[in-house]
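The values are calculated or read from the model by the stated rules, or taken from the named source; none is laboratory data. Keep in mind that what you see is a predicted model, and the values were worked out from it rather than measured. So basically every Cβ, Gly included, is an ideal-geometry build from the backbone, and we count neighbours across all protein chains shown.
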Amino acid sequence: MSHRKRKNPDTSSDNTHLLPFKQTKIENEHKKSPKTSQYTLSLETSPKDPLPTFGQPQQLTCFSYTPNRELRFDTSALKYYVPAPINADLGHRYEHWIKRPEERGRIDSLLRAIEQDHVVGERKKGAFISWRGVMTKLLTAPFENRDPVNLNLMFLDGCIYAEEHTTDGKLAEKENIPSRQRLMMYYGYSFESFSTWDEPLQRRDQHAERDRVRCWSGDVDTNVQFCSVVKTKIGIERLILGGEVDCCKDRYTGQPDTYVELKTSMVIRNAQDEGRFEHKLLKFWAQSFLLGIPVGISDPLP
């Protein structure tokens with residue numbers, strides 16, 4: 001439906017003194033019951049309030065993306081962890097990098113995953129359903145003032161579906177990053193290629209093959225991904241989260257207890273570097289924890 005701008009009868013002919021439109025009864029009633037609502041959530045808590053407990057994430061299903069971005073409900077894209085060689089050149093074969101175009105972070109593939117027969121029952125119980133990256137932002141929001149959280153939300157059949165809201169400008173900004181920042185991004189993917197293999201290394205001939213290619217498991221193609229979908233809880237609130245997994249340690253068990261999250265970091269040279277490193281650690285912990293990837297060791301109580 002199109003809406004024409006109507007002339008204001010209470011406005012002088014030269015439009016120098018603009019007065020409010022006269023509202024009809026219907027317009028006034030409509031104004032009292034808007035279609036959208038705003039809510040203010042307080043972050044303040046009482047010391048007496050019990051802290052919500054986190055449930056141990058359990059995998060519901062998994063899926064892989066092929067180089068052609070075909071979605072498959074299997075482990076074909078899963079890699080296995082092997083120690084990276086010392087002094088590896090993280091810029092190795094940078095010019096052969098196949099970089100997936102930046103996307104809006106839609107949850108289409110996650111929706112297909114939770115509609116599988118063995119998963120749909122969990123969805124019908126009601127849950128907050130989203131990518132792990134969205135929940136990471138929400139979890140670290142009290143400590144983050146540089147990365148705003150803008151989401152598209154939909155409530156349907158007892159579930160809240162959430163995805164990132166990305167504007168055209170933000171998408172273009174991500175796509176056209178400076179060349180040095182782009183190279184630094186590649187370093188992380190390159191480290192993954194040096195630190196993973198297509199299958200567990202158990203035989204001598206497998207190690208020989210890895211040595212032959214100088215521990216390089218293949219050129220970086222970010223179209224290829226392995227993703228895990230887990231269920232967990234924060235207090236009584238149920239969550240179903242999907243997220244990319246870098247690799248698996250030793251053997252695949254169907255649960256996240258053997259998954260590995262790989263990260264690179266610059267050498268810490270000063271206090272500023274240390275602060276930047278600790279800031280990254282928080283996000284690293286949240287990313288891992290939310291999918292059930294073991295991370296961190298607690299100190300013994302005194």
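Tabulated results
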{"read-out": "Candidate set: segment 58-97, residues that are of a type in the set (K, R) and in contact (Cβ under 8 Å) with a residue 60 or more places away in the chain; chosen: the one surrounded by the fewest Cβ atoms within 10 Å (Cβ to Cβ)", "value": "R69"}
{"read-out": "Count of segment 244-296 residues which are part of a helix (DSSP H, G or I) and not acidic (D, E)", "value": "20"}
{"read-out": "Any hit, segment 51-73, residues being modelled with pLDDT of 60 or more, more than 25 Å from M154 (Cα to Cα), over 26 Å from the mean Cα position of the chain (by Cα) and not in a strand (DSSP E or B)", "value": "no"}
{"read-out": "Filter pass, G235 being surrounded by fewer than 14 Cβ atoms within 10 Å (Cβ to Cβ) and closer than 27 Å to N68 by Cα", "value": "no"}
{"read-out": "Qualifying residue in segment 168-180 (condition: over 29 Å from H92 (Cβ atoms) and in contact with a Leu (Cβ under 8 Å, 6 or more places away or on another chain))", "value": "no"}
{"read-out": "Pairs with Cβ under 6 Å, 6+ apart, first in segment 185-211 and over 15 Å from E95 (Cα atoms), second part of a helix (DSSP H, G or I)", "value": "L201/H207"}
{"read-out": "Scope segment 248-275; condition surrounded by 14 or more Cβ atoms within 10 Å (Cβ to Cβ), closer than 23 Å to L183 by Cβ and among the basic types (K, R); matching residues", "value": "K263"}
{"read-out": "Of all residues making up segment 168-180, the number that are free of Cβ contacts under 8 Å to residues at least 12 places away in the same chain and either closer than 28 Å to N152 by Cα or not in a helix (DSSP H, G or I) (or both)", "value": "8"}
{"read-out": "Residue under evaluation T253, criteria (1) under 20 Å from the mean Cα position of the chain (by Cα); (2) without any contact (Cβ under 8 Å) to a residue 12 or more places away in the chain, criterion not met", "value": "(1)"}
{"read-out": "Any hit, segment 217-230, residues being aliphatic (A, V, I, L, M), free of Cβ contacts under 8 Å to residues at least 40 places away in the same chain and out of contact with any helix residue (DSSP H, G or I) (no Cβ under 6 Å at 6 or more places or on another chain)", "value": "no"}
{"read-out": "Selection from segment 200-219 of residues that are over 16 Å from P83 (Cβ atoms), under 33 Å from the mean Cα position of the chain (by Cα) and not small (G, A, S)", "value": "D219"}
{"read-out": "Residues of segment 142-158 satisfying the condition of being more than 30 Å from E115 (Cα to Cα) and within 17 Å of the chain's Cα centre (by Cα)", "value": "E144, R146, D147, P148"}
{"read-out": "Of the criteria (1) at pLDDT 95 or above; (2) farther than 24 Å from S288 by Cα; (3) not in a loop (DSSP other than H, G, I, E, B), which one W216 fails", "value": "(3)"}
{"read-out": "Within segment 276-292, considering residues that are more than 13 Å from the chain's Cα centre (by Cα) and of a type outside the set (A, V, I, L, M, F, W, C), the one surrounded by the fewest Cβ atoms within 10 Å (Cβ to Cβ)", "value": "E278"}
